[in-house]
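Since every read-out is calculated from the coordinates, none of them should be taken as a lab result. Everything numeric in this text was worked out from a predicted model, so none of it was measured. Ideal geometry is used to build each Cβ from the backbone, glycine not excepted, and the neighbour counts take in all protein chains shown.
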Amino acid sequence: MGIRIKKNDRVKVLTGKDKGKTGKVLFVDKKNSRVVVEGINIVKKTRRPDQQNQKGGIMDIEAPLNISNVMVVCTKCDETVRVKKRKLENGKNVRTCGKCGEILDKV
Ligand SMILES: [Zn+2]
């Protein structure tokens, strides 16, 4: 199965401490099958002082989640859906909602 989640998708967390929450995908790490989702899986990270941040301190950052722990939310159905692939007449491959057929990619 290929990775069907892309940057800027809205996804729902299926497991873990943020189960049930939704957020926007900020980053997809295909190689390690991980995603970073805005506002999800926040961890405190200690930062040492550097040139940008003279004081250092503790920062809240989004830790990556396993890609299998999130599911795409259809903007139209407003729920998690299976993502299908479809080829448009212009030859472009897009991802569509398996339920309502809404095209999930911006074309
Ligand atoms: Zn839909």
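The longest part of the chain holding none of the exposed loop trypsin sites (Lys or Arg not before Pro), meaning those outside H, G, I, E and B in DSSP with at most 12 other Cβ atoms within 10 Å, is 56-81.
Here, P(r) means the percent of Cα pairs in each 10 Å bin from 0 to the largest distance; for the chain it is 14, 38, 27, 12, 7, 1. Given R0 = 35 Å, the distance between the Cβ atoms of C100 and R48 translates into a calculated FRET efficiency of 0.10. Taking 20 Å as the straight-line reach from the Cα of K106, the aspartates and glutamates in range (excluding those fewer than 8 positions away in the same chain) are D9, E38, D78, E79, E89. Length gained on full extension, K55 to L26: 7.8 nm, using 0.36 nm per residue less the C-alpha separation.
Net charge dipole, the chain: roughly 280 debye, given to the nearest 20, about the Cα centre with Cβ charges of +1 for Lys and Arg and -1 for Asp and Glu. Approximating the spin labels as points 7 Å out from Cα along Cα→Cβ, the L14-to-R34 distance works out to 1.9 nm. Cut-off under 26 Å on the C-alpha distance; same-chain residues fewer than 8 positions from K17 excluded. Which lysines are left, in chain and number order? Filter leaves K6, K7, K30, K31, K44, K45.
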